[in-house]
Each structure stands twice: as structure tokens, then as C-alpha cells.
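Trainee: Below you will find the structure I want to go over with you.
The values are calculated or read from the model by the stated rules, or taken from the named source; none is laboratory data. The shown structure was predicted, so the numbers you read here are calculated from the model rather than taken from an experiment. FYI the Cβ positions are ideal-geometry reconstructions off the backbone, even for glycines, and counts take in every protein chain you see.
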2 protein chains.
Amino acid sequence: MKKHLVVMFLIIAACTQQPVKTTQNPNIKMVSTFDVALDMKSQKQLESEFDNYLNPKNLDTWMKHMSSKPHHVGSPWSKQNAEYAANKFKEWGYESAVETFEVLVPFPKIRKLSMVEPEKVELKLYEPAVEGDRSSEMTKDVLPGYNAFSADGNVTGDLVFVNYGLNEDYEELKRMGINVKGKIVIAKYGRSFRGIKPKIAYEQGAIGCIMYSDPKDDGYVVGDVYPIGPYRNEFGIQRGSVLDMPARPGDALTPGYAATKDAERLSIDEAPTIMKIPVMPISYADALPLLKAIKGPVAPDSWKGGLPITYHIGPGPAKVNLHLEFDWGLRTAYNPVGRMIGSVYPDEWIMRGNHHDGWGHGASDPISGMVSLMEEARAIGELTKTGWRPKRTLIYAGWDAEEPGLLGSTEWVEYNLADIRKKMIVYINTDGTGVGYLSMGGSHSLEKFVNEVIRDVQDPVHDVSLDTRLRSRMRVREYNSGNYEGIKESERADLRMYAMGAGSDYTAFLHHAGVPALNMAFGGESGGGAYHSLYDTYEYYKKFSDGNFVYGTTLSKVNGRLVLRLSEADILPFRFVNMVDNIGQFIKDNKKLYQVVQQSTEERNRLLDNEDFTISRNPKKTYLPPERLPQVPGFDFKPLDDAFARLTSNAWKYEDALFNFKKGSLSAEKKSEINALLKGVDQAFINIEGLPRRDWFKNMMYAPGYYTGYGVKTLPGIREGLEERQWDEVRKYIKEVSKALDRASVNINSASRILDEN
Amino acid sequence: MKKHLVVMFLIIAACTQQPVKTTQNPNIKMVSTFDVALDMKSQKQLESEFDNYLNPKNLDTWMKHMSSKPHHVGSPWSKQNAEYAANKFKEWGYESAVETFEVLVPFPKIRKLSMVEPEKVELKLYEPAVEGDRSSEMTKDVLPGYNAFSADGNVTGDLVFVNYGLNEDYEELKRMGINVKGKIVIAKYGRSFRGIKPKIAYEQGAIGCIMYSDPKDDGYVVGDVYPIGPYRNEFGIQRGSVLDMPARPGDALTPGYAATKDAERLSIDEAPTIMKIPVMPISYADALPLLKAIKGPVAPDSWKGGLPITYHIGPGPAKVNLHLEFDWGLRTAYNPVGRMIGSVYPDEWIMRGNHHDGWGHGASDPISGMVSLMEEARAIGELTKTGWRPKRTLIYAGWDAEEPGLLGSTEWVEYNLADIRKKMIVYINTDGTGVGYLSMGGSHSLEKFVNEVIRDVQDPVHDVSLDTRLRSRMRVREYNSGNYEGIKESERADLRMYAMGAGSDYTAFLHHAGVPALNMAFGGESGGGAYHSLYDTYEYYKKFSDGNFVYGTTLSKVNGRLVLRLSEADILPFRFVNMVDNIGQFIKDNKKLYQVVQQSTEERNRLLDNEDFTISRNPKKTYLPPERLPQVPGFDFKPLDDAFARLTSNAWKYEDALFNFKKGSLSAEKKSEINALLKGVDQAFINIEGLPRRDWFKNMMYAPGYYTGYGVKTLPGIREGLEERQWDEVRKYIKEVSKALDRASVNINSASRILDEN
């Protein structure tokens, strides 16, 4: 116990100045889940049997079937796939049902985009079939390139090229003396959730928004294009939703409650998450004549893409007409759900999910992940044939309508919210998956647990564990970076998991319900420029991604172990020293951001006093000085530092309690008491008021960026307050985060006391 | 005196650990050249009269004339321009002559490049006239696109794309399992002197080398192309020399001695600075079909250019035939030289130079600088009409044959070496000049002096001094970098001058003779993709560069002041605290490099032991681990640190002596004694043995990089020893540099003593 206490105090001391870096000492021996909560021999036996049932051929067969036709929500093949999965679940021993919601999903009726000046060009907006890909010929039921939740509209205006269409791009435009009021913007895809681009364009006064895939981002600049290579060819169009998901995902007409058949609904005009201007995605073949016709200032270097032109910003003389109309119908979302009721803790739920709807044939996104989930479910089903039953309840779900805005999963969470808060231990998400390295994101109370698993699973190509391969890559990257000093992430005792924004179906679980969640996938060696296009096909996946499904099967091994250990553990495998290490980093990052905001404000104003921006500018170009900024006030981070110190102390107390704990010595009652407390730690981060401007997002640790979308903001109340200079929000959320940490402290402390008393 | 001594000790203390950063304290009041060596009133009066004589229209008239025809060495217009300048010098009151040398300059006879596989493509190798540029129509006497000092040859081979063709690129190729033996390489222009590319290609076994201008570097990616904008259009070819100048510039056949008519000459086969393989420059229009036809691995991201293709590396299947033959004739280089003999110190020379030969019409390069020099010479001539005469001898030269390899200036220096070593105080170079910010490079003993001048000259467009504008830009850059901490360069008491490699005619003066040298130009707002092409014309310059010649005239003001103050100063304005501040930085940089070499070696070997490069690699791609490196030995930097501490101490002693010096109190004899000592400081850096593999380069402080060319290496003996892992060289040059510093110390110390004794 002493050893841990000394470390703990060192850490607290260190943390108040330099919050992190020392908490993860590879030299401290820590107990594993096997030491305290699982019988190693029987568990390893179970996992080995599980592995033996896995067969890559099943993934191949199912992908071929499920991706053989377009299967967006509302399509016949989406329903078919849902029923197909539900039947499989049933066949494998699960209680199975297809659960449905009625969700708003617009389909395109009119879709026209043409350049009207300086010359008339009717754009193609069309993806041809390619040689060697039979799926790309089967275009019945394929939704053409469009953005779901664009507004209806018929607008004509001068084009302005706005880079990625983010706030900083508009700041740059302002300095160049350009605004987009009454104009149509054209933005590159990438760097944010696509819905951010039209949202900001609208806020800036634009009347329409075109998005295109620049070849520099996923086309010929990156590598050979489909069908020669995996990158986006000149005709590939990225479909996708522009629902304002960072404000709230889920059905646009039923805010915060389930989209059941008879639910009360907003009218479309009232629905705040629907875009207010028409938005349209195009290929780079179609973008080329538009961008070529734009004149005005040359774009800054960092804005330039890979087309063979000089990128200009405009406005005009290129002028376009954009005419869009949609069929604003309700569609039935079909969620196949299979349940295997726990033999010991039926009211403790471990859930797995992966969406099954795609844009087009959706082989990689999402079927590659779906078939890995199915094989995992099947192998667990096989285990039950020998008489074994999971102690906790396992739930396997296929979500429909993820693509238009996480609709299937969000409505399911809203519908089952009370039960979820009470019963759900962990939600583990997958989505598309490919070849390469394991990517792992999620709640950091699970970081140590996940690390235990990835040390036990071998990479299917290289003869090392997934952990070893990831560390090798980190070491090579550290070597290539040329920075040989300081503490290296590759030497951290456990590999860090990324914090999650809102990229897939974990969103409602993590950010709305406060359920600890994970997101797992393989990637990094698959290439990839078929995303959301006609070319995300079985043929493509076989040729360029995990064609022999060995990584898909390995993903089953990882998630299967997570599920089986979570199911069987006496004491749930939440571990808080990793959590505080990460929270310490979030605090440090936010303080650093505060410092940067403060210093850059002072520095900018000093340079304005000097007229440096004017004196140094090139007189041939318009480049105005930036605006003078009001001074940044002081903030008192002490409540946060104190709450963090208490949380750190409690996290290490719990480690000590585990260290001294004798496996099997707890009564069933005490176990339940402890597990309820542990499960409550992440839920303690929920603040029922939610975040500013978006009360649906209630997690005080993580949120998708309001102006970035997929990308996470840690301690979002504080961070976005700093970024958007809302000083009252910063003050408020320093307090709210402190309270959240203290609520978590109470649970951890209580759990430790029960263990200690034992 | 005390104040300075305290500072001095602080600095020495600081320097042994952190050599630099504190020596330039803006709060220490230092004496100016006016305080100790010049009568402020009469000098300012002289400079103001000088300014009044300057007239931008002259620059315009002369440029129009001198760039009206192609004027490479050996062309009729080169001779005409030389005589034109010589006559002007005479007209303005100078003793004037055209001094000649007979230098080897090959002209192309056969020039063919075609793709022979996978399809036959005859390349154009041709620059058409463009609309609105009459000069581009006048192509009589224009040398077509070629590389001077390419070998003759007729070779056929598979193409390999080698990025910029530098050593690190071949290391990358090696890891991809590709070598260039028996192949023809195609390299992008840029990142090095062009001659480096074929030199390394040859060392690697290639049989031919093609170089092209990628649109990402100076074509449409950067901005609009000529004639719409200033950047390189698809047909623009960068001509240029591939003489091995980093080994030795100057005439290839007369190594180290002047190329007089009767000089003994090497045969062409014996001449080591002539390339051993055929080399050819092409436009990006011609590069496109070649690069498109190359297959094999996709190039790394940092290798990719701006053409609308996926860049592959090869080898092949693209195969080319390159057939080159040259007329290897001697040409007469005409150097017009004007002398105005000093009234007081006729044997102390201040020299200005700018080359007059160009590739094509060469309006920007070099006539823009030449006409600025001429206007400066004319205004000084005007001053003498009122009875004033310079105290020291002024020499104005126009160099011929700079483009093929600094031939005119190098032969002149070799011819006059003894006199130069004895008499020349400073050589001030210019070359092309444009619009924007003053760029200033040179010997750091002159840094403080140059800074005094740029504080006295106004920017012609913005109502601030040149110094203020440069600092504004630095502050904005520092602000944009987001790094608000640490000591800022913009707050340095004097702005730093860059250390010089071998980009222009200062080379022989600085690196061979040890004469303190400067290089001055305006730039940064001129754009520029006409370099060494048919389009470097008067029309282009008028439209896109300094069309009203206000910056050209300002350059005359800067250099005129440098010349007039150097001419008139009682005590020569060398100042050594700036010099030691810079040398301290060189030492620090070299020690840092040593640390990086050591750490990266250890780290690489550790990763090799772990097999990290193998485990982390993408199995679909060939990417071999890097080679294991032998351990790096320890080096004893103490002799260098000690010599540097002595030099620092002496530099501050000299400052103190100046601080206490009473202007006008020195006898003529003592003045001469001091000035001779001061002049000798920079020459003390000369080591007669020279650098490894290139004994012509004798300066221990600076040299062009043996494998980079233009770019400077500071303390080159040590630095290149570290870079190329020649440990004996590192040991040797730590000692040689220490000795050089001590030689300089002796001179500075003696000068201080004379001042103190006074």
C-alpha cells in the first residue's frame, strides 16, 4: 500500500503544476483484471474456444450478401439486411427482434447544379460504373450524390472558394476583404464533420453551399485512383448528412425523445437541426470547371488543393445556379437487436452495436464492421451450446439510419433511456473496419482494461500482439519526428485511447446517457477514397482492404474478449488511474489553451499598436489587420485543481484497495454494491443541464466540437468557452467540471471503502 | 567601462553553457560609427546629396537597353553591355577598363530528349513567345534550355523519379528497394544548387539526369502564370550551370589560377568540376508525359508535386533517350571595372560588383541589380563634381559569366589575389533585385554597421525605415507562429544577417580570399517564375517586379551609404560583438547537430534491435529498415569553447575601447595600424589548407554545402564532418576553427590595445 501512496502524493504534487506525464509509470506493478475479478484459467479457456469458432469465410459470405444492393434507410435492402441479421441472432441463440422507429430522412427529387457565368456548364453529378466492379453497375435504388438535410432551394450567386469552410477560413477571408453574403460558397470536404461547412456558411450569410472532394485529400494526389488503386477517382461523390449533429443527433423532428410511430413531431420548418440553405456534394471532375472560373485573389498556400489550376477565392466571376428539392418523408428505421440474458446479473447489460445502413452498397462502411460483430455474436452463441451462459446480459444490435444522423441508435437510446442509465455497463461500438493498426477510442475508465485485451490478441499478419505493433509504430514515428527527448508515449504503461467526439453510434450512449463507451476498428493500411461513394463495394473491399477478412476476424477477437471479460468479471474492470491521467491531460490542455488565448490576444493588440500588420503587408494585396480583441480576464482554476487532486487521490486509493483485495472474498451483495458504484463513475460526469447551446450533450468530459463536428473537445464547456471567448461559460464550467469530478470521487471512494472493509 | 565588463562576463558564463541569445541586449547603449569614426554632419550632408542625384528613370532606361537582347557570356550583347557599362563609368569620372578572361563555356549543339517506352513522345524543349511581351519574340541569340557543363552523351534508360535528387532522397529510395544504377533520373528543381542533383545522381550510378520545374515550386500552384501572373508557365525552362561549384567555382580548366589568354589549361576530360553524365532541364509541359508514364511505388507525400497525376517512382516503364552534344569553346568574359582612387587611403579598396551576363534577356537576373549599381556609381561620380573625393579607393565592377559558374568574378579574384588580400576592405555584391523587403547577408563583423545604415534608409512605399519594416514582418511572423515565448529575434538590438553560401559573385572574395563580403537585394513581393527562362524580360519586370524602380533606387541608397561610410570612416566600422553573437550561434548549432547525430544513431539502432521498422511496416509496400549505424564517438569541444570565450572577451574589450575612445584623437599612423588589424580579422578565418575535398574553399566560418550548394554551412569543417560521419574531420576542424578564432582574437586584441593606449 505504501508504494502506491508515495506515488500518489508525488503525482498530486506534480499534477498541480504539471498535471500529467508521471502518473503512468511503467515500473509500478499494478494488478490485472485476472488478479481480482476473473478466474484466469477458465476465462482463457473460454476465449480460446471463442477464437476457434471464428471463421473469416463467414464475414466474406455475409458481406457479399449484405452489400450486394444499396441499403440506405428506407430502401428494401436495408429492411432485408435488418431481418437477415435478426434471423441470424435468433439462429445463434439470442432473443431477437427488429425494433423500429419512424424517422425523417429526405430523399432528393430535384438535383441541379450549373455554372451560368462566365460560361454555361451543366454539371454531371454522376458516378459511372468502373471496370471490374460489377456492384458499381447495379445502380437500382442507389441514392445519387446528395446531402441529407440540405434545405430545399433554388439559388443563384457568385462563387466564393472558402477552403474547408471553417471559422478560421472566414477569419482569413475577412482579412482579405471578402465576405460571402448573398454568395454561394464552395468548400473542400475534410477537416470537420461536413455539416459544419453549410452551418457556418449560413451563419456568414451565404445562400448556398457546394462541397467537393479535392484530389489532394483522397484522390490522385494521395495515390492511384479506383479501379487502379483505392483512392477517389474524378467522379466519386461523397454523400452524407448535414444534420446539425454537434447540436443534436437523432431524428430532427423528435428532439430528445424517441421517434415512435405516434410521437409528437415538430414541423420541418421548426426543426433546428435541419440546414437552412441548399447544400450539394460534387466530384472533383465537376468542381474543376467551377474552381477554374473563379478569379480574385490567389488562395493562401494552405488552402490549395491538387487540381491543375491556380486556386482563386472569388467572389465570382463564376456564378452558379443550385436547385434542390427533397421528398421530406418519414422512413422506418429497422434496428435488429439480439439479447442473451445474463445468468447471474440479468440487469447488467453489455452492449455491442454497428450500423447496417450505408450510402450505396456500403461494403466497407458499415458492413465490414457489421459482419465482424455478427461473427463475434455467432461465436458467443456457439459457446452457449456447451452449456456456458454469460453472467451478464449481452445485447447485439445493428443500427439503421446511422448515415443520416445516428438516427437508429439515438432513438433507441432515447426510447430506453431509463433502463440504459440503470442497467447498461458498457456500450462497445464498431463501424467500418479495414487493414492495419487497431484504433481504439472511448471512456478512459476502460483504458487499462482495453490494454489488457490488446496485449492478449495477436496481429493476424505480423507475429506480435496488437499492443506491440502499435508501440512499434509509435516508436518509429517518434524516431522520424526527430524529437528524441522527453517522456515518450510509446513507453507509457498503457497505450492511450483517443477521446471520442460524435463520429458513430456511440454518441447517444456516451454523450447523452453517460454510458462508458468504446469504439474499435482496424485501419491505416487500407487506403481509401471510396467513402460514401458508389465505389464502396464488395469488389473494392476485396481488392484494397481486408479482402481475406483476417483483420475483421481479429476485431471479433478483441471485442469478443472485451465482452466476455466484462460479462464474467466479479468486479467490473473499471480502473481510474488511467482515467485521471487522461483528465489531467485535458486540464493541462485547457490551461495551455487559456494561456495561448491570453498571450495571442496581448500579442495581437501589441502588434496592432505598432501598426505591424499594415507596415509589413504586401501593398499589391488586400490583407487587413485582424480585429483588436478585448482583454482576457483571469480565471480561477483552483476549484478544478482541487477536485482533480481529490479524484486522483481516490483513484489511487481504489488501486490500493484492489492491490490488497483477495479475489473471491466479496459477498454477492457487496459485489453488486461495488459494481453499481463503479458503473456510476462515468455517469457522474453527466450534467443534466448539458452544454451551452446544446443541452442534449450532457457529458462534462467529452463532446464533439460545436464548430468541428466529429472532432472531440475535452472538458468542452471550458474549452469552447475559451475558443469562443465566452468568459462566463469558462467560469461556469470550471465549476461544473469540478462538481462532476467530485461526484465521481464519491463513487470511487465508496467503492474503495467497501473493498477495504472486506 | 564597468558596465561592459559585467555584461561581458555574464555573456562568457552564459556562452559556455548556452552560447548565444544574451549577447544582444537591446538595453546596452553602444557607440555608433558616427560616434567614433565619422563626422556626422558632413557625412549626412554627403549622403543627402547622394540621394538627390538618384533617379529611377535611369534604371529604367538602362534596363530597357541592356536587356533588349540575350546577353550570355560569349554573345554579342554581353560584350556590348560590358562596354556600355565601362563607358558609363568613364563618363561618371572613373578610371575605366574592360578586363577580360578566356573561360570555358559550352554551348549546345545537339539537344534531344524523347520518351521511347511505353510510347514514343518527342519532347518540345521549346519556349514560345507570349502575348504582350515583345522581348519573348526576339529569340535571336537566345541559348535554348540547357545545363552548362553537362557531359556530352547519348543515353537510353528507364526513368526514376528522385524528388529533389538530394542524398536524403536516395536514402529513402534505398528503403523502398530502388536504386538508380544504369537509369536516368528525373528530379525537381529546387532545394539545392542544381548542380548537386546530377552530381549525386552520378555518384549513385545514374547515366543521365533530367531536371524540371514542378508547378508546385514556382508554377500555377504558387500563383497565376506568365503572362497573366508572375509564375512559371508550362513551357518555361530553367537554364543554368551544373558546374560543381561547391567543389570550386570559376573556370573549369584553370583551377585556382586566372584564366588568362595564355594560362596553362586542363583538358576537358581532366577537369573535375565538369559533370560526368548528360544533364537536361525541361519545362513541366514536357515533364508531364514522362512522370505520367512512370509506375512503381507511389512517391511519399513530401515528394509529390503539383501536376495532375499520381507521382510514382519507377524505375520505368517510362524509358527515355537523352542525346546531348556541346560546343566546348573558350569564350571571352568581359568585366567592366571602374576605379575611383582614394584621396587619403588609395590602397584601401571598397568594391561593389554585380554580374551583367544573363540567360536570355536577363532583365531581373542580373540587370535589375546592375542598373542599381550603375546609378549608385553615377551618383558618387556626381558628388566628385563638387570637389569631394572618396578617402578610400572605390571599385565598381560588372561581372561577366556569372551564370556558367561565377567565372568573371572568380578569375578576377584569382588574378588579383595578392592585391585583394592586402588592399580590399570589403566586397559588396548585388545580383537581381525586386520588390519588398531588404535581404542582407554577409560577414558578421559588418552586421552592426549594416544595421546602422538600414535604420537611416526609408522604405520607398511604406513610411518607415527598412529596419522597421523588417522588424514588423518578423513580429507578424512570430505572432503567426503561435510561439509567444522565449527571446524574439525581432527584439534583437541588430537584425541578423544571413550567412552566405555560394549563390553569387561574393563567393571568391569571401570563401577564397577571406575578404569580408555582403550581399544585398530587395525581394519577397515580386513573385517570380521567370528565373533563367525566356520570360525574364523587361516587360515582365515592369509588370510584376519593381516596375517604377523605386526599390532599385533604394538599393542604391543602401549600398551608397555602405560605400560612403566605409570610404570615409577614420576607423573601419567592423564590430565584433555581433560577430561573436553569430559565431556563438554556429557553435551552438553544431553542438546541437552533434547531439542529434548521436541520439538518432542510438535511437535508430535501438529500434532495429526491437525490429520496430519491420513490425510497423505496411506489408503491401517495400520499405526496408534503415541501415544500422556505427556508434558516434565523443568529441572534445573544450578547445573551441575556450577559443570562443577568448574571442568574446576580446570583442567586448574592443567595444569598451571604442566606448572610451575620443573621436579624432588618433594619429594617421595609428589609424592605419588599427585599420590593417581590423581588416585582418575576417582574413584570420582563412585556413590555407582549405576544407576537405575542396581546398579552394578556405573560410573556416562559412562555406556552401558540399551536398546542398547555394545553402551555407557554418563552421563547415565540423558540420559536414558530423553530417557525413567523418569523425576525423570533426576532430580536426574543432581544432582548426579554434585556431582561426584565436588568430582573430589576436588582431582584435591588438586593435583594442592601440585604442586603449591612446
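Trainee: Return a yes/no flag: does the stretch A:592-607 have any residue that is out of contact with any His (no Cβ under 8 Å at 6 or more places or on another chain), away from chain B (no Cβ under 14 Å) and of a type in the set (Val, Ile, Thr).
Mentor: The first filter runs over the stretch A:592-607 and keeps only residues out of contact with any His (no Cβ under 8 Å at 6 or more places or on another chain), leaving A:592-607.
Subset that is away from chain B (no Cβ under 14 Å): none.
No, that holds for no residue.
Trainee: Another question, if that's okay. Within the stretch B:466-488, work out how many residues are facing chain A (nearest Cβ under 7 Å), of a type outside the set (Val, Ile, Thr) and either touching a residue at least 24 places away in the same chain (Cβ under 8 Å) or surrounded by 19 or more Cβ atoms within 10 Å (Cβ to Cβ) (or both).
Mentor: Within the stretch B:466-488, residues that are facing chain A (nearest Cβ under 7 Å), of a type outside the set (Val, Ile, Thr) and either touching a residue at least 24 places away in the same chain (Cβ under 8 Å) or surrounded by 19 or more Cβ atoms within 10 Å (Cβ to Cβ) (or both) number 5.
Trainee: Right, next: Does residue A:477 satisfy the criteria of being out of contact with any Phe, Trp or Tyr (no Cβ under 9 Å at 6 or more places or on another chain), outside the structural domain of residue A:245 (by TED's automatic domain parsing) and assigned to a helix (DSSP H, G or I)?
Mentor: Working: out of contact with any Phe, Trp or Tyr (no Cβ under 9 Å at 6 or more places or on another chain): yes; outside the structural domain of residue A:245 (by TED's automatic domain parsing): yes; assigned to a helix (DSSP H, G or I): yes.
Yes, satisfied.
Trainee: Determine whether the stretch A:717-724 contains at least one residue that is more than 18 Å from residue A:570 (Cβ to Cβ), assigned to a loop (DSSP other than H, G, I, E, B), of a type outside the set (Phe, Trp, Tyr) and modelled with pLDDT of 95 or more.
Mentor: The initial filter retains those residues of the stretch A:717-724 that are more than 18 Å from residue A:570 (Cβ to Cβ), namely A:717-724.
Adding the requirement that they be assigned to a loop (DSSP other than H, G, I, E, B) leaves A:724.
Going one step further and asking which of them are of a type outside the set (Phe, Trp, Tyr), we end up with A:724.
Next cut, modelled with pLDDT of 95 or more only: A:724.
Looking through the stretch A:717-724, at least one residue is more than 18 Å from residue A:570 (Cβ to Cβ), assigned to a loop (DSSP other than H, G, I, E, B), of a type outside the set (Phe, Trp, Tyr) and modelled with pLDDT of 95 or more.
Trainee: In the stretch A:184-293, which helices (runs of 4 or more DSSP H) lie fully inside it and hold 3 or more residues that are touching a residue at least 60 places away in the same chain (Cβ under 8 Å) and within 14 Å of chain B (Cβ to nearest Cβ)?
Mentor: Numbers: elements: A:196-203, A:215-218, A:284-293.
Ranges flagged: A:215-218, A:284-293.
Trainee: All but one of (1) crowded, with 17+ Cβ neighbours inside 10 Å; (2) free of Cβ contacts under 8 Å to residues at least 24 places away in the same chain; (3) assigned to a helix (DSSP H, G or I) hold for residue A:449, so report the exception by its number.
Mentor: The failed condition is (2).
Trainee: I'd like to check something: does the stretch B:381-389 contain any residue that is more than 27 Å from the chain's Cα centre (by Cα), within 14 Å of chain A (Cβ to nearest Cβ) and part of a loop (DSSP other than H, G, I, E, B)? Explain how you work it out, then say what you get.
Mentor: Let us first name the residues in the stretch B:381-389 that are more than 27 Å from the chain's Cα centre (by Cα), namely B:381-389.
Imposing the further condition that a residue be within 14 Å of chain A (Cβ to nearest Cβ) reduces the set to none.
Checking the stretch B:381-389: not a single residue is more than 27 Å from the chain's Cα centre (by Cα), within 14 Å of chain A (Cβ to nearest Cβ) and part of a loop (DSSP other than H, G, I, E, B).
Trainee: Residue under question is residue B:311, and the condition is that it be among the aromatic types (Phe, Trp, Tyr), away from chain A (no Cβ under 14 Å) and either at negative phi or in contact (Cβ under 8 Å) with a residue 12 or more places away in the chain (or both); does it hold? Lay out the reasoning, then the answer.
Mentor: Details: among the aromatic types (Phe, Trp, Tyr): yes; away from chain A (no Cβ under 14 Å): no; either at negative phi or in contact (Cβ under 8 Å) with a residue 12 or more places away in the chain (or both): yes.
So residue B:311 does not fit the description; no.
Trainee: Moving to a separate point now. For residue B:632, only one of the following conditions fails: (1) buried (at least 18 other Cβ atoms within 10 Å of the Cβ); (2) away from chain A (no Cβ under 14 Å); (3) in a loop (DSSP other than H, G, I, E, B). What is its number?
Mentor: (2)
Trainee: Applying the selection to the stretch B:380-412, what residues are in contact with an Asp or Glu (Cβ under 9 Å, 6 or more places away or on another chain) and of a type in the set (A, V, I, L, M, F, W, C)?
Mentor: B:383, B:388, B:397, B:399, B:401, B:406, B:407, B:412, listed by residue number.
Trainee: Here is a further query. Give A:703, A:740, A:668 a once-over and let me know the one that is of a type in the set (A, V, I, L, M, F, W, C) and surrounded by fewer than 21 Cβ atoms within 10 Å (Cβ to Cβ).
Mentor: Going through A:703, A:740, A:668 in turn, just one is of a type in the set (A, V, I, L, M, F, W, C) and surrounded by fewer than 21 Cβ atoms within 10 Å (Cβ to Cβ): A:668.
Trainee: If I ask for residues that are hydrophobic (A, V, I, L, M, F, W, C), closer than 13 Å to residue B:733 by Cβ and free of Cβ contacts under 8 Å to residues at least 12 places away in the same chain, which ones from the stretch B:677-721 would you list? Spell out how you get there, then give the answer.
Mentor: Step one: list which residues in the stretch B:677-721 are hydrophobic (A, V, I, L, M, F, W, C), which gives B:677-678, B:681, B:684-686, B:688, B:691, B:696-697, B:700-701, B:703, B:712, B:715, B:718.
Imposing the further condition that a residue be closer than 13 Å to residue B:733 by Cβ reduces the set to B:685, B:691, B:697, B:700-701, B:703, B:715, B:718.
Result: no residue meets the conditions.
Trainee: Still on this structure, I have one more. Regarding residue B:710, is this residue farther than 30 Å from residue B:40 by Cβ, modelled with pLDDT under 95, in the same structural domain as residue B:599 (by TED's automatic domain parsing) and touching a Lys or Arg at 6+ places or on another chain (Cβ under 8 Å)? Reasoning before the result, please.
Mentor: Values: farther than 30 Å from residue B:40 by Cβ: yes; modelled with pLDDT under 95: yes; in the same structural domain as residue B:599 (by TED's automatic domain parsing): yes; touching a Lys or Arg at 6+ places or on another chain (Cβ under 8 Å): no.
Considered against the rule, which asks whether it is farther than 30 Å from residue B:40 by Cβ, modelled with pLDDT under 95, in the same structural domain as residue B:599 (by TED's automatic domain parsing) and touching a Lys or Arg at 6+ places or on another chain (Cβ under 8 Å), residue B:710 comes out as no.
Trainee: Could you check, for the stretch B:158-165, whether at least one of its residues is of a type in the set (Gly, Ala, Ser) and assigned by TED's automatic domain parsing to the domain that holds residue B:395?
Mentor: Restricting attention to the stretch B:158-165, the residues satisfying the condition of being of a type in the set (Gly, Ala, Ser) are B:165.
Narrowing the set further to residues that are assigned by TED's automatic domain parsing to the domain that holds residue B:395 leaves none.
No.
Trainee: Find the residue count for the stretch B:326-344, including only residues that are closer than 30 Å to residue B:267 by Cβ and buried (at least 16 other Cβ atoms within 10 Å of the Cβ). Don't jump to the end; show me each part of the working.
Mentor: Applying the first criterion (closer than 30 Å to residue B:267 by Cβ) to the stretch B:326-344 yields B:326-335.
Next cut, buried (at least 16 other Cβ atoms within 10 Å of the Cβ) only: B:326, B:328, B:330-335.
Selection size over the stretch B:326-344: 8.
Trainee: What are the pairs, 6+ residues apart or on separate chains, where a residue within the stretch A:605-621 that is modelled with pLDDT of 95 or more has its Cβ under 6 Å from a residue that is among the acidic types (Asp, Glu) and crowded, with 16+ Cβ neighbours inside 10 Å?
Mentor: A:618/B:525
Trainee: Can you tell me which of (1) farther than 26 Å from residue B:140 by Cα; (2) in the same structural domain as residue B:432 (by TED's automatic domain parsing) is the one residue B:116 doesn't meet?
Mentor: Only one criterion is unmet by residue B:116, namely (2).
Trainee: Quickly run through the stretch B:452-465 and pick out the residues that are in a helix (DSSP H, G or I) and either within 11 Å of chain A (Cβ to nearest Cβ) or within 22 Å of the chain's Cα centre (by Cα) (or both). Before you say what the answer is, go through the steps one by one.
Mentor: In the first step, residues of the stretch B:452-465 are kept if they are in a helix (DSSP H, G or I); the result is B:452-454.
B:453, B:454, listed by residue number.
Trainee: Could you list, in sequence order, all residues of the stretch B:712-738 that are among the acidic types (Asp, Glu), closer than 14 Å to residue B:689 by Cα and out of contact with any Leu (no Cβ under 9 Å at 6 or more places or on another chain)? Talk me through it step by step, then tell me what you get.
Mentor: Residues of the stretch B:712-738 among the acidic types (Asp, Glu): B:720, B:723-724, B:728-729, B:736.
Then keep just the ones that are closer than 14 Å to residue B:689 by Cα; that gives B:729, B:736.
Answer for the stretch B:712-738, where residues must be among the acidic types (Asp, Glu), closer than 14 Å to residue B:689 by Cα and out of contact with any Leu (no Cβ under 9 Å at 6 or more places or on another chain): just B:736.
Trainee: Would you point out the residue of the stretch A:490-523, among those that are more than 14 Å from chain B (Cβ to nearest Cβ) and part of a helix (DSSP H, G or I), that is nearest to the chain's Cα centre (by Cα)?
Mentor: A:507
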